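Single-structure report; data block below.
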Amino acid sequence: MLRILFEHAIDKGWRPDNPAKGVSLLKADTEPREAWPENMIEAFRMNASGRTLLLFELALGTGQRIGDVLKMRWSDIDGDGINVVQGKTGARLWVPFTPHLKGVLAETTKLGATISAWGIGKPTSYRGAADLIMAVRRAIGAEKYDIHACASSPAGFMLGCNAR
């Protein structure tokens, strides 16, 4: 964290150098993300509706991080896919829609500029999205499955990574 703060200070002209440069990052003691098995994907779909299902299908169907999903706009849709600029990498992608995502989008009312808007067009917050998704994950016993992780099907293709 200090490395990042010192780099910011250099950018702002507050410091001439970064005394934390070269300090290695601490490795987190976290479990690797587990792929969503098909039975958990189906359980989520059966137990979610509305904006929760939309968020799930956007994340799963595009393989994007939830922060990028929340920024997706109706105007980003291009044919049978969506134009995405990844927040972390800056990469520009066109991601084709999965059949499930295409179906959910067809049933979604346009409430605002962002696809996941709610109420009177208010964008969904990161915290709000996390709470909606986690409520269903808890209900179906899927807490160990990360919303950003891709799921392998028995047929050998990847769901959520858009590899076909």
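Summary table below
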read-out: Residue match in the stretch 81-91 (condition: at pLDDT 95 or above and either out of contact with any Asp or Glu (no Cβ under 9 Å at 6 or more places or on another chain) or of a type outside the set (A, V, I, L, M) (or both)); value: yes
read-out: Test: residue 118 is of a type outside the set (A, V, I, L, M), farther than 25 Å from residue 35 by Cα and modelled with pLDDT under 95; value: yes
read-out: Every residue from the stretch 133-146 that is in a helix (DSSP H, G or I) and under 13 Å from the mean Cα position of the chain (by Cα); value: 133
read-out: Options 65, 45: the member that is among the basic types (Lys, Arg) and either at pLDDT below 95 or more than 21 Å from residue 109 (Cβ to Cβ) (or both); value: 65
read-out: Filtered residue count, the stretch 68-110, keeping only those that are without any contact (Cβ under 8 Å) to a residue 40 or more places away in the chain, part of a loop (DSSP other than H, G, I, E, B) and surrounded by 17 or more Cβ atoms within 10 Å (Cβ to Cβ); value: 1
read-out: Single match in 45, 51 (criterion: in contact with a strand residue (DSSP E or B) (Cβ under 6 Å, 6 or more places away or on another chain), under 25 Å from residue 125 (Cα atoms), of a type in the set (Lys, Arg) and assigned to a helix (DSSP H, G or I)); value: 51
read-out: Matching residues, the stretch 7-44, being over 25 Å from residue 86 (Cα atoms) and either aromatic (Phe, Trp, Tyr) or buried (at least 17 other Cβ atoms within 10 Å of the Cβ) (or both); value: 14, 18, 40, 43, 44
read-out: Single condition residue 59 does not satisfy, out of (1) over 18 Å from residue 144 (Cα atoms); (2) within 11 Å of the chain's Cα centre (by Cα); (3) not in a loop (DSSP other than H, G, I, E, B); value: (1)
read-out: Sole residue being out of contact with any helix residue (DSSP H, G or I) (no Cβ under 9 Å at 6 or more places or on another chain), of a type in the set (D, E, K, R) and modelled with pLDDT of 95 or more, chosen from 138, 127; value: 138
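The values are calculated or read from the model by the stated rules, or taken from the named source; none is laboratory data. Only a predicted model underlies this, so the values are computations on that prediction, with no experimental measurement involved. Please note: Cβ atoms are built from the backbone with ideal geometry, for glycine as well, and neighbour counts cover all protein chains shown.
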